Amino acid sequence: MMERELSDEEEDRENLISQNARPNHAVKSPDQSNHRSAFRIDGELRSRVSGAARRFNKRYILAISLPVVILTVFLTTDLKNVFRMRVPSIRGIGGNGLLADRMRESELRALYLLKQQEIELVKMWNYTTLIGGSNFSLVNNSNSVNLNSGNDIGALEDLKSRVFGQISLNRQIQGTLLSAHEGEGSVDLSANYTGSGLSDWARCKKVDQRLGDKKTIEWNPKSNKYLFAICVSGQMSNHLICLEKHMFFAALLNRILVIPSSKVDYEFHRVLDIDHINKCLGRKVVVTFEEFAESKKNHLHIDKFMCYFSLPQPCFMDDERVKKLRGSGVSLSKVEAVWKEDVKNPKQRTVQDVLAKFSSDSDVIAIGDVFFADVEREWVMQPGGLIAHKCKTLIEPSRLILLTAQRFIQTFLGKNFVALHFRRHGFLTFCNAKQPSCFYPVPQAAECINRVVERASTPVIYLSTDAAESETGLLQSLVALSGKTVPLVQRPARNSAEKWDALLYRHGLQGDSQVEAMLDKTICALSSVFIGSSGSTFTDDILRLRKDWGSASQCDEYLCQGELPNFISEDE
């Protein structure tokens, strides 16, 4: 605007000068009318130019000085105090701070009531502890409940968990109220009514195995006496349990156990540490089939075939198994049963029964499949088994599988995780044939899992399953803790960028279904808490490892333990 105004004035001036231009002498002419006209024009011009200059200087000075003033105000003024909302003090309202006094009195009253609640909660806590260490029974609706049973121990731990949670919440509320009274002498901030046992309590403690009360037998085999292991029923987990029972029989009969050939049975050397068994005993108690064949100069013959089970067929062996044994170069003596024993209804047997029926002077004997054998159950179920040795357990995963499991846990899970064996394939028909059924709808299973996760307070679940993606996807959408989804982690497909499974690939064990199954077992056995599938020997073998390794938790349980499926389909 200033430039436009100045330009207009200059143009006017140029026009005036050009129109009124005169020779020099004409300025001095006596013609006064012409003199006055020139004077008037010149004066008007000077007046207009000086006015424009003054307006220009004022605007220029204002444009320069305004930012300086704003900057000075910004640097010298506390804007927070200028715009801060002034809230009148509570103590100044109502005269003599009556409102503040009433609020303080209410807070102290709330603190007193919370202290009384904490005292009562701790009394409840101490009562649950008393019941947990006694043989008391509770009576509810005229039904006596023995608290020493597995279900009731779990219910007791759940009650203790809830009481513990209420005590923790109580303390949080107290802390919030006390924070407004810090420094006041009338409030005792150090008051504590809880016992020392409460601070040491863990919701899912490890099970006390009471190893001091363990009964054991020595395994001192004669160098030329062998027990040829034969396992027929079921899959790998059944065969591992069968091998464990064969070791018990071999120890009783003072014989070396022969591991079956891979031509007849599984490749046990890929999943088990055979040398580990001998190291734990400090002597040669187990040999591979190849070692046995070498010691016998390939003259492989079972001198006496005494069957533990007679029904449904002697030694629980069919013609196919006999053909496989003979195909591996083993010749058989006559197969005969020493007593009447049915795999569907096995009798409880003692050590004396076994010694009386299976003792023999023959160099090589066999007793057939003993998976269903029920001999000295309480002894055999002890942590680490019945045989005296210096390790935690005799039958355990190979060192390569154990290290791979540890690396997987370090990569994906961390120390605190729940492991879930969710058996589904073929389990619907299997479970519905049992009374009661053990096959649960996915939503019901999710509710049961959520309860365990809440009790264990774990951030992640390792999922070992043969279920279809449709089932695992639904299960994942329903498993949550405090409104937050708990991830279900499964072993991912092979990725060269990940190194947790490098040991298996380096030793040529990749892609072996039995190796992967044992890896799953090992990860589950190392978990903080384990949820298994009732009726599954895969789960049973995990529970054995957890018991032997000392990782078993008081929160371990079968899926929906103590519950019936909320819907069961009809039979065919």
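Quick look at the numbers
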| item | result |
| --- | --- |
| Residue within region 292-314 that is outside any strand (DSSP E or B), open to solvent by 10 Å² or more (accessible area, probe 1.4 Å), more than 16 Å from residue 365 (Cβ to Cβ) and touching a helix residue (DSSP H, G or I) at 6+ places or on another chain (Cβ under 8 Å) present | no |
| Residues of region 267-288 satisfying the condition of being open to solvent by 50 Å² or more (accessible area, probe 1.4 Å) and either closer than 20 Å to residue 330 by Cα or assigned to a helix (DSSP H, G or I) (or both) | 267, 269, 270, 275, 279 |
| Qualifying residue in region 417-436 (condition: farther than 21 Å from residue 546 by Cβ, surrounded by 15 or more Cβ atoms within 10 Å (Cβ to Cβ), in contact (Cβ under 8 Å) with a residue 24 or more places away in the chain and small (Gly, Ala, Ser)) | no |
| Members of region 391-416 that are farther than 27 Å from residue 245 by Cα and either in contact with a Cys (Cβ under 8 Å, 6 or more places away or on another chain) or open to solvent by 40 Å² or more (accessible area, probe 1.4 Å) (or both) | 406, 407, 410, 411, 412, 415, 416 |
| Selected residue [in contact with a Phe, Trp or Tyr (Cβ under 8 Å, 6 or more places away or on another chain) and aliphatic (A, V, I, L, M)] from 503, 519, 481, 509 | 519 |
| For residue 370: the one exception among (1) touching a Phe, Trp or Tyr at 6+ places or on another chain (Cβ under 8 Å); (2) surrounded by fewer than 16 Cβ atoms within 10 Å (Cβ to Cβ) | (2) |
| Some residue of region 228-237 being outside any loop (DSSP other than H, G, I, E, B), open to solvent by 30 Å² or more (accessible area, probe 1.4 Å) and at pLDDT below 95 | no |
| Residue list for region 550-572, restricted to those being open to solvent by 40 Å² or more (accessible area, probe 1.4 Å) and either under 20 Å from the mean Cα position of the chain (by Cα) or not hydrophobic (A, V, I, L, M, F, W, C) (or both) | 554, 557, 558, 561, 562, 563, 566, 569, 570, 571, 572 |
| Pair list, Cβ under 6 Å, 6 or more apart: region 555-567 residue within 9 Å of residue 438 (Cα to Cα), other residue part of a strand (DSSP E or B) | 559/531 |
| Tally of residues being touching a residue at least 60 places away in the same chain (Cβ under 8 Å) and hydroxyl-bearing (Ser, Thr, Tyr) across region 343-359 | 1 |
| Within region 180-227, considering residues that are in a helix (DSSP H, G or I) and open to solvent by 70 Å² or more (accessible area, probe 1.4 Å), the one modelled with the lowest pLDDT | 196 |
| Filtered residues of region 428-446 (kept if in a helix (DSSP H, G or I) and not aliphatic (A, V, I, L, M)) | 429, 430, 431, 432, 443, 444 |
| Among the candidates 335, 343, 258, residue that is in contact with a helix residue (DSSP H, G or I) (Cβ under 7 Å, 6 or more places away or on another chain), buried (at least 16 other Cβ atoms within 10 Å of the Cβ), modelled with pLDDT of 95 or more and at negative phi | 258 |
| One residue from 411, 404 being hydroxyl-bearing (Ser, Thr, Tyr), modelled with pLDDT of 95 or more and under 13 Å from the mean Cα position of the chain (by Cα) | 411 |
| Meets criteria (more than 19 Å from the chain's Cα centre (by Cα) and either without any contact (Cβ under 8 Å) to a residue 24 or more places away in the chain or surrounded by fewer than 16 Cβ atoms within 10 Å (Cβ to Cβ) (or both)) for residue 441 | yes |
| Test: residue in region 476-494 that is under 23 Å from the mean Cα position of the chain (by Cα), among the small types (Gly, Ala, Ser), under 30 Å from residue 267 (Cβ atoms) and at pLDDT below 95 | yes |
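One line per residue, one yes/no per condition, for (1) aromatic (Phe, Trp, Tyr); (2) part of a loop (DSSP other than H, G, I, E, B); (3) touching a strand residue (DSSP E or B) at 6+ places or on another chain (Cβ under 7 Å):
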{"position": "324", "(1), (2), (3)": "no, no, no"}
{"position": "361", "(1), (2), (3)": "no, yes, no"}
{"position": "371", "(1), (2), (3)": "yes, yes, no"}
{"position": "378", "(1), (2), (3)": "no, no, no"}
{"position": "389", "(1), (2), (3)": "no, yes, no"}
{"position": "393", "(1), (2), (3)": "no, yes, no"}
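The values are calculated or read from the model by the stated rules, or taken from the named source; none is laboratory data. In this text, all values refer to a predicted model and were calculated from it rather than measured experimentally. All Cβ positions, glycine included, derive from the backbone under ideal geometry; neighbour counts span all protein chains shown. Surface areas here come from the heavy atoms of the whole protein model, side chains and all, with no ligands, DNA or RNA. Shrake-Rupley method; radii C 1.70, N 1.55, O 1.52, S 1.80 Å.
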